[in-house]
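Every read-out reported here was derived from the displayed coordinates using simple, explicitly stated rules and does not represent laboratory data. The shown structure was predicted, so the numbers you read here are calculated from the model rather than taken from an experiment. Note: ideal-geometry Cβ built from the backbone for every residue, glycine included; neighbour counts use all protein chains shown.
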Amino acid sequence: MDKPFKTIEEQVELLEARGVATDDDTPEVLLREGYYSVVNGYKAPFIDKEKSESAKDDRYLPGTSFADIYALFMFDRELRMLFNMSRTLSRGNEGPSQENLSRLGPSYHHPMISSDRLCHQTDARIRSLIFAG
């Protein structure tokens, strides 16, 4: 079954109609990352199963925001990057490069993640994992 192409504005409207709060950054993120990659890949924890079954399409839990879905997407991206970096390190490389560490440094912040504190806590945890062994 082919689905018709939707503009970025139509994608935002679809999210809102299904119960997702959007903001001014949503269109830019959808344009850059793609609806399928972000929403379809990371929507599962935010889906209201009962409402979705009765509506015959996705309906989201109250309070769900696009920023929440995108934060999960970014967390997974960072986790995959760390996993790949750790695999590289375990193969006998000399250690984490300054370039890779700077990606994890205290200045790291993504505009769609609402809490600087969360970023800094994550950075500290990531650093402890890198230097633990």
Between Ser65 and residues 5 or more places away or on another chain, which pairs have amide H atoms under 5 Å apart, with H built 1.01 Å from N, and which residues are they?
Ala21
Label-point separation (nm) for Asn40 and Glu13, each offset 7 Å from Cα along Cα-to-Cβ?
2.1 nm
Positive end of the charge dipole of segment 8-66 (Lys, Arg +1 and Asp, Glu -1 on Cβ, about the Cα centre): tell me which of Gly41, Ala17, Val29 has its Cα farthest that way.
Gly41
Please give me, ordered by residue number, the trypsin sites (Lys or Arg not before Pro) of segment 12-82 that lie in loop per DSSP and have at most 10 other Cβ atoms within 10 Å.
Lys56
Ser65: net charge of surrounding residues, Cβ under 13 Å, Lys/Arg +1, Asp/Glu -1, itself excluded?
-3
